[in-house]
Amino acid sequence: MKKHTLMAAAMACLMLTGCGGEEGEVKKAVVAELEKPLCMEVGRSIPFSITISNPFAGAPHKEWVDVLVKEGLLKQTGTQDQRVGAFAVTQGTYDVTSKGKKIQQDNALCYGKTKVLKLIDYSKPQSESAPYSQARVQVKHEITESWAKNPIFEDRVESGEDTVSVTLVKTNKGWRAP
């Protein structure tokens, strides 16, 4: 009876990715690569400027910037008019508020996180001279900031579940993303 229990425990451990082995190492590398904050770039640098009034081309970024201002994440710090013949094009300069700085990373505002749900499969290296693997992973992009759920950001933020591919290379310290 003990022999069957020991075999069942060993089989269960082999099926789980957390028990070590190559699959466990691959999953660990995938988690390290993918489980990061989700952030939306707001400008090439901060503070940044956008067109807030243009009689010819409109102001395509003004709507989403206005939402971030209303949420208290950005503040307008100045405006500048540029004359184009009889018309004026107005540029607005924006900076991150103290509330926005809490979720700022570089020139982006973070709104959620990516979580690895499961390792679907991965390729075994073909040889020692080419120790590469391609892994397919199911992930979930979780929005944690309410402002990012606004439909205006639909094309600027990631949400929901997705299947992604990750290339890994085997090093003397285990699997890593190149």
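The values are calculated or read from the model by the stated rules, or taken from the named source; none is laboratory data. Bear in mind that the values here come from a model prediction, so they are computed numbers and not experimental data. All Cβ positions, glycine included, derive from the backbone under ideal geometry; neighbour counts span all protein chains shown. Quick note on the areas: whole protein, heavy atoms, side chains included, nothing else; ligands and nucleic acids left out. Shrake-Rupley method; radii C 1.70, N 1.55, O 1.52, S 1.80 Å.
When a 1.4 Å probe is rolled over the protein heavy atoms, the share of accessible surface on the chain that falls to carbon and sulfur comes to 51 percent. Measuring how big the chain is from its alpha-carbon positions, Rg and Dmax come out at 23.9, 93 Å. Distance between the pseudo-spin-label points of Phe87 and Gln126 (7 Å out from Cα toward the beta carbon): 5.6 nm. Remark: relative contact order (the chain) = 22 percent; criterion is Cα-Cα distance under 8 angstrom and separation of 6 or more residues. Working from Cα pairs under 8 Å separated by at least six residues, relative contact order for segment 125-178 is 41 percent. Remark: segment 138-151, residue by residue, has Karplus-estimated 3J(HN,Hα) of 9, 10, 10, 9, 9, 8, 10, 9, 4, 4, 6, 7, 4, x Hz, where x stands for each Gly or Pro and the curve is 6.51 cos²θ - 1.76 cosθ + 1.60 at θ = phi - 60°. For a modelled paramagnetic label at Lys99, 7 Å from Cα along Cα-to-Cβ, the residues of segment 138-167 in reach, with backbone nitrogen under 12 Å, are 146-147. In terms of packing, defined here as the mean over residues of other Cβ atoms within 10 angstrom, the peptides 43-55, 21-33 line up highest first as 21-33, 43-55. Between Leu34 and Thr77, what is the label-point separation in nm under the 7 Å Cα-to-beta-carbon projection? A separation of 3.8 nm, rounded to one decimal place.
Placing a pseudo-label 7 Å from each Cα along the Cα-to-Cβ vector at Asn107 and Lys140 gives an inter-label distance of 3.3 nm. Taken about its Cα centre, the chain carries a charge dipole of roughly 620 debye when the Cβ of each Lys and Arg holds +1 and the Cβ of each Asp and Glu holds -1. Contact order for segment 95-157, expressed relative to its length and based on alpha carbon pairs under 8 Å spaced 6+ residues apart, stands at 31 percent.
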